[in-house]
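The block underneath contains the structure these notes are about, expressed in structure tokens.
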Amino acid sequence: MLDAARQTLRDVYGYTAFRRGQEAVIEAVLAGRDCLVLMPTGGGKSLCYQIPAMVLPGTGIVVSPLIALMQDQVAALRETGAAAAFLNSTLPWFEQTEIANAFARGTLDLLYLAPERLLQEDTLAMLERSPVNLFAIDEAHCVSQWGHDFRQDYLGLDVLAERFPRVPRLALTATADARTRAEIVSRLKLAKPARFVSGFDRPNIRYSVRLKANANTQLVAFVDDHRGEAGIVYCLSRKKVEATAELLRAQGHDALAYHAGLPNAMRGQHQARFLREDGVVIVATIAFGMGIDKPDVRFVVHVDLPKSIEAYYQETGRAGRDGEVAEAWMLYGLQDVVRLRQMVDGSEADEGHKRVERAKLDALLGWCEVTTCRRAALLRYFGDEPPSECGNCDVCLAPPKTWDGTVAAQKLMSCIVRTGQRFGAGHVIDVLRGKDTAKVQQHRHARLSTFGIGGDMGDNQWRSVLRQLVGLGYVRSDPGRFNALTLTPSARPLLRGEATLTLREETKIAKRARTPANTRDADFMIPSGDEALWDALRATRISLAQEAGVPPYVVFHDATLKEFVRVRPNTTDAMLDIHGVGQAKLDRYAQAFLAVIAAHPRPASEDQSELLLPARTASAP
């Protein structure tokens, strides 16, 4: 069946080769296996279930957490010619009946359902009456009660294992550490799943973190550097969202607010403008973003500290899905830390959940303060194999001021060991500083050789050392044992004096030179003589997208338009050879774009050597 999958890739999507990891997943699904699929945002997870659903007899059922997300995905699939539909409460009764009838007749390739709709008994009964070829559980990390996007309804999806034991199930996510991956497999009752972890690295994203000084001034300077580009700015509170959007509008940016307190109609309008127009900046709480498929988001900003590395990675992953350069830029300060800790402490969650949240926050703070490659530390957190240095993060580009923290680290780790690796940060630091607390007296820790050896440094300095040790992987905070600090195997050389450690003193950020919007593609730059053609192609795309009621990138991605400029196809056969052009889009759009290309002959002065540049890799989205 792999030959049929490859043919579908070419005919429907217009690509000649799968991306790394996609073919192996598709092969496992076609063989009837359950799968756990972890691919970075923009890595092409959707094709891993869409293509098998089209190849196998029956209909593929996709579980998606958000109505807007399923609507966008169905619209994009229909543009390729696939028979896709969704069932949710936004549809009138007669449309829901038509879709249910189409499913019963077996004329749908894919049917999208929200988990709460799927779990209704009448829906499960409907699915049992007609052939289902797979279940794809998108955003599967939502099943984790310890995760940042937990959805209660996801816990009920284990019913699929009981009601449909012979139908393969795929759990797909871009964000899951080893613990969350194990929880996904357990809670969804995946049967001996094939596991595919494609890595977390997004090399086109530059990661930068800086301490807050004047946050508004810093933000305006950064966004001014990206004027006219699409971006997302995350804030912690609704009030700050409104104020920040107003601040950016006052500076001439097309900035829109998005948070759960806005009317549904306004939220929908703002999201639609962001998806369908160029250069819109969304200022939002974390209520915005899951499943956003806009490929040309050039920056994601956090003006407040997110709650965890997982949340940060998920949110910054919405930048640069087209593979071109993008920035993840964050401000943080002590007030963020205090506020987030207060939110955790004051929440209604049980103490076990609070311990996990505190540990995740500490890990994020440690990552903020690293002195070695920031990307490597991020990948290490997720258990990925990092580069020694990436050359595309703030630390690599402008190393921070540092100090020799070897002795301080040895003192702290020795104290962790002497106290039995049974206590959290507060008590360990009290012992280090020689504080005669009730807990110190209870456990007789004043008798330890490490009692008082850290009196030359304050609490905040020791907490900074500890956060960095956690972030660098030398120390682990165990939420299952009241955040008890334990050493990892990598700590031994440092503790024994066989290695040294450099710690961060302060953060410095290199300012990135602005890259013109039409020259970001590393494979092909728009020659000056072809800018008129490029603008005309984009204008035609916008017009066709408006007629179809879809975002422009659903018609064709920028990469495909750039290939039109580079190759200048003059027949439908030539256009079909360009990556991203499938048969349905060819039938629908070829004549419009061929007419635009014909109206813009190649300038005689254009450097012919540019015609020899290789085409962008024709791999799947």
| field | Test set (1) within 31 Å of the chain's Cα centre (by Cα); (2) touching a residue at least 60 places away in the same chain (Cβ under 8 Å) - Ala161 fails condition number | value | (2)
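Would you check which residues across segment 565-605 are of a type in the set (S, T, N, Q) and part of a loop (DSSP other than H, G, I, E, B) and list them?
Within segment 565-605, Asn570, Thr571, Ser605 qualify.
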| request: Can you confirm whether segment 342-356 contains a residue that is under 27 Å from Gln461 (Cβ atoms) and surrounded by 19 or more Cβ atoms within 10 Å (Cβ to Cβ)? | output: yes
| field | Residues being closer than 15 Å to Arg195 by Cα and not small (Gly, Ala, Ser) - total across segment 31-57 | value | 11
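Mind listing whichever residues of segment 10-31 are of a type in the set (A, V, I, L, M, F, W, C) and either more than 23 Å from the chain's Cα centre (by Cα) or in the same structural domain as Thr560 (by TED's automatic domain parsing) (or both)?
Within segment 10-31, Val12, Ala17, Ala28, Val29, Leu30, Ala31 meet the criteria.
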| remark: With criteria (1) more than 27 Å from Pro40 (Cβ to Cβ); (2) surrounded by fewer than 22 Cβ atoms within 10 Å (Cβ to Cβ); (3) touching a residue at least 40 places away in the same chain (Cβ under 8 Å); (4) not charged (D, E, K, R), Ala194 comes up short on (1)
| message | Which numbered condition in (1) more than 27 Å from Val12 (Cα to Cα); (2) crowded, with 22+ Cβ neighbours inside 10 Å; (3) of a type in the set (Phe, Trp, Tyr); (4) touching a strand residue (DSSP E or B) at 6+ places or on another chain (Cβ under 7 Å) is the only one that Phe164 fails? | response | (2)
| Members of segment 241-268 found to be of a type in the set (Lys, Arg) and at pLDDT 95 or above, listed by number | Arg249
| query | Considering only residues of segment 433-459 that are farther than 14 Å from Ser414 by Cα and among the small types (Gly, Ala, Ser), which is modelled with the lowest pLDDT? | reply | Gly458
| said: Given the criteria assigned by TED's automatic domain parsing to the domain that holds Thr107, surrounded by fewer than 21 Cβ atoms within 10 Å (Cβ to Cβ), more than 18 Å from the chain's Cα centre (by Cα) and not β-branched (Val, Ile, Thr), does Ala53 qualify? | reply: no
| said: Please count how many residues of segment 280-298 are over 13 Å from Asp149 (Cα atoms) and within 13 Å of the chain's Cα centre (by Cα). | reply: 5
| In this structure, is Glu389 assigned by TED's automatic domain parsing to the domain that holds Tyr234, under 21 Å from Val209 (Cα atoms) and without any contact (Cβ under 8 Å) to a residue 40 or more places away in the chain? | yes
| task | Can you tell me which residue among Ile578, Ile526 is among the hydrophobic types (A, V, I, L, M, F, W, C), under 27 Å from Gly44 (Cα atoms) and modelled with pLDDT of 90 or more? | result | Ile578
| field | Scope segment 269-299; condition farther than 17 Å from Ala76 by Cα, at pLDDT 85 or above and crowded, with 18+ Cβ neighbours inside 10 Å; matching residues | value | His270, Val280, Val281, Ile282, Val283, Ala284, Thr285, Val297, Arg298, Phe299
| query | Just for segment 63-90: of the residues that are β-branched (Val, Ile, Thr) and within 19 Å of the chain's Cα centre (by Cα), which one is surrounded by the most Cβ atoms within 10 Å (Cβ to Cβ)? | reply | Val63
| field | Residues (part of a helix (DSSP H, G or I) and basic (Lys, Arg)) located in segment 317-343 | value | Arg339, Arg341
| said: Quick check on segment 91-120: of everything there that is under 19 Å from Ile137 (Cβ atoms) and of a type outside the set (A, V, I, L, M), which residue is surrounded by the fewest Cβ atoms within 10 Å (Cβ to Cβ)? | reply: Gln120
| field | Condition met for His270 (free of Cβ contacts under 8 Å to residues at least 40 places away in the same chain and either assigned by TED's automatic domain parsing to the domain that holds Leu211 or farther than 20 Å from Leu361 by Cβ (or both)) | value | yes
| said: Suppose we filter Glu139, Glu183, Glu121, Glu128 for residues that are closer than 25 Å to Val554 by Cα and in the same structural domain as Ala53 (by TED's automatic domain parsing); which single one remains? | reply: Glu139
| field | Output for segment 172-198, where each listed residue is closer than 21 Å to Glu128 by Cβ and either small (Gly, Ala, Ser) or assigned to a helix (DSSP H, G or I) (or both) | value | Ala191
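Residue-wise test of (1) surrounded by 15 or more Cβ atoms within 10 Å (Cβ to Cβ); (2) at pLDDT 90 or above; (3) closer than 19 Å to Leu47 by Cβ.
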| position | (1), (2), (3) |
| --- | --- |
| Ala125 | no, yes, no |
| Arg129 | no, yes, no |
| Phe135 | yes, yes, yes |
| Phe150 | no, no, no |
| Leu160 | yes, yes, no |
| Ala182 | no, yes, no |
| task | For segment 301-308, state whether one or more residues are in contact (Cβ under 8 Å) with a residue 60 or more places away in the chain, part of a loop (DSSP other than H, G, I, E, B) and within 21 Å of Arg481 (Cβ to Cβ). | result | yes
| query | Which one of these does Gln314 not meet: (1) part of a loop (DSSP other than H, G, I, E, B); (2) out of contact with any Leu (no Cβ under 6 Å at 6 or more places or on another chain); (3) under 30 Å from Ser464 (Cβ atoms)? | reply | (1)
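Counting only residues that are crowded, with 17+ Cβ neighbours inside 10 Å and touching a residue at least 60 places away in the same chain (Cβ under 8 Å), give me the strands (runs of 3 or more DSSP E) lying completely in segment 396-491 with at least 1 of them.
Ranges flagged: 475-478, 484-487.
The values are calculated or read from the model by the stated rules, or taken from the named source; none is laboratory data. Note that the structure is a prediction, hence the values are computed from the model and not measured. Cβ sites come from the backbone with ideal geometry, for glycine too, and all protein chains shown count toward neighbours.
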